[in-house]
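Since the structure comes first, as structure tokens, the remarks are kept for the end.
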Amino acid sequence: MNAASQSTVFGRRKEPHTVIIARGNEIRHFTIRPWVAAFCGSALAAMAIGYLLATSYLVLRDDLIGATTARQARMQQAYEDRISALRAQVDRITSRQLLDQQLMETKVGELLERQSQLSLRHGRLAPILERAGSDVGTTPAVGATASAKPDQRADATEAQPQAYSVASVGALGSRDIKPFSLWSTRSDPAPSDTAADRADKLFVSINESLKAIEGQQLTRITALADNAYRNADAISQALGSAGLPVDSDFGKSDAGGPLIPLDSSMVFDSKVRELDEALDVLDRLKTEARRLPLANPAPGRSVTSPFGVRTDPLLGTAALHSGMDFRAPTGIPAKVTAPGVVVKAGWNGGYGRMVEVDHGNGFATRYGHLSKISVTVGERLNAGDVIGKTGSSGRSTGPHLHYEVRHKGEAIDPLRFLRVGKKVAQYL
């Protein structure tokens, strides 16, 4: 009845398991509840699973550790390779920067050396240019043209035919090439082709500027030498055409020898020597010309009686006039026409009051009919000094200046000297 009622309400109840153990005459039995059996089964299953997991871990641990170690090794190798690549790149950049720095230092050294050379050239040119300034000046020279200049500061007029002034040459020699720094173009540690290109362009620009300055110096020195030779040639031709003495060595070109190409570094020295030689030639010719009586003793006064045969103003017969007469009222200053020494100063027959000046090389000048004498015998005079005042003393029909030029005592037509004097006045 109990079984039926339980079956109706709760279903059939499970009976506990009974374990009977018989040993000889001993019989033992144990009653195992269902939940105990379930618990024991669950514990055994858990132990079996744990054992299997532990066994799998022990079996697969080495593989897992090996895989992890290999992965870490690969990561470390990749990291070290990256570090090596970066180090190599840094070394390359450093080497390139060092090479660029050395190259820049070399170029800067070359530029500074050329700047120093230009300064030394200016020091050498200073006395020669000062001398050329007084001897050559800015005398126009036909065919002397200025070369084109890359410098924006050059005058446009220099492209026309002209002579180069001494001041312009000196200005070229004294241009300052200021020291500069190019390392700012390499401030970025990474390589920069743009910065390198800018530095190269800067070096090229500065080199071209220095070459232009050197070329302008040489061109203008050559122009000055050409002007000096041209002036010397003009003086020589003027003196020679008048039959006056001239430097016997001028114009000769007795030279020869093997052709040896000129080193570019020697061009400047050669041009400077050429200019110096041209100035020496010009100085010699100027010195010779200045010793000759080429000036006018009465500037601005007309000639009333030339040199040569004329009708004597007192006798009315043909006679030789050994000089030139300049119309001048009494009291006008009479000027010596060349440097020399007074050899006569006083009354001299028909000359009246007369002054005679010895100019050397057999040349002498006489100034007659003076109203007053301002010099004494033995006095040394310069060209243009006043030797007295015009008048009408001696054999004269009125106030005027009688002027003579003599060579070794023989009278020469003064007009030859006056014409030469006008031609060479611009060069003296």
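The numbers here are math on the coordinates, done by the rules we state, and not lab data. The model shown is predicted, which means the values in this text are computed figures rather than measured ones. FYI the Cβ positions are ideal-geometry reconstructions off the backbone, even for glycines, and counts take in every protein chain you see.
Label-to-label distance for Ile93 and Ala67 is 4.0 nm, based on points extended 7 Å past Cα in the beta-carbon direction.
Applying 1/(1 + (r/R0)^6) with R0 = 41 Å to the Cβ-Cβ distance of Asp280 and Val204 gives a FRET efficiency near 0.55. For Gly388, the amide hydrogen comes within under 5 Å of the amide hydrogens of Ala334, Ser374, counting only partners 5 or more places away or on other chains and with H modelled in the peptide plane. Between the range 26-50 and the range 72-125, the C-alpha centres lie 86 angstrom from each other.
Each label was represented as a point 7 Å from its Cα along the Cα-to-Cβ direction; for Leu86 and Asn361 these points are 9.0 nm apart. Report the label-to-label distance for Ser42 and Val341 in nanometres (one decimal), using points 7 Å from each Cα along the Cα→Cβ vector. Taking the simple label geometry, Ser42 and Val341 are separated by 15.5 nm.
Label the range 373-422 by shape, choosing from rounded, prolate and oblate, from the square roots a ≥ b ≥ c of the eigenvalues of the Cα gyration tensor; if a/c is under 1.5 it is rounded, and otherwise prolate applies when a/b is larger than b/c, oblate when it is not. In terms of gyration-tensor shape, oblate. Between Ala411 and Arg273, the C-beta separation translates, for a Förster distance of 41 Å, into a calculated FRET efficiency of about 0.40. Per-residue packing, averaged as other Cβ atoms within 10 Å, sorts the ranges 335-341, 111-117 into the order 335-341, 111-117, beginning with the highest. Taking the number of Cβ atoms within 10 Å of each Cβ as an exposure proxy, the fewest-first ranking of Phe39, Phe307 is Phe39, Phe307. Here the 3J(HN,Hα) profile of the range 328-341, calculated from phi with Karplus coefficients 6.51, -1.76 and 1.60 at θ = phi - 60°, is 7, x, 4, x, 6, x, 9, 10, 6, 8, 6, x, x, 10 Hz, Gly and Pro shown as x. Taken one residue at a time, the phi angles of the range 102-119 give Karplus couplings (6.51, -1.76, 1.60, θ = phi - 60°) of 4, 5, 5, 4, 5, 5, 4, x, 5, 5, 5, 5, 5, 5, 4, 5, 5, 5 Hz. Gly and Pro are set to x. In terms of its C-alpha gyration tensor, the range 304-424 has an oblate overall shape, because the principal axis ratio a/c (a ≥ b ≥ c, square roots of the eigenvalues) is not below 1.5 and a/b does not outweigh b/c.
Length available on full extension from Glu26 to Arg310: 0.36 nm per residue minus the Cα-Cα distance, which gives 82.3 nm. For the listed peptides 197-207, 400-410, a ranking on the average number of other beta carbons within 10 Å per residue, highest first, reads 400-410, 197-207. In terms of its C-alpha gyration tensor, the range 265-309 comes out prolate, because a/c is 1.5 or above and the ratio a/b outweighs b/c. Backbone phi angles across the range 60-73, fed through the Karplus curve with coefficients 6.51, -1.76 and 1.60 (θ = phi - 60°), yield HN-Hα couplings of 8, 4, 4, 5, 5, 5, x, 5, 5, 5, 5, 5, 5, 5 Hz in residue order; Gly and Pro are listed as x.
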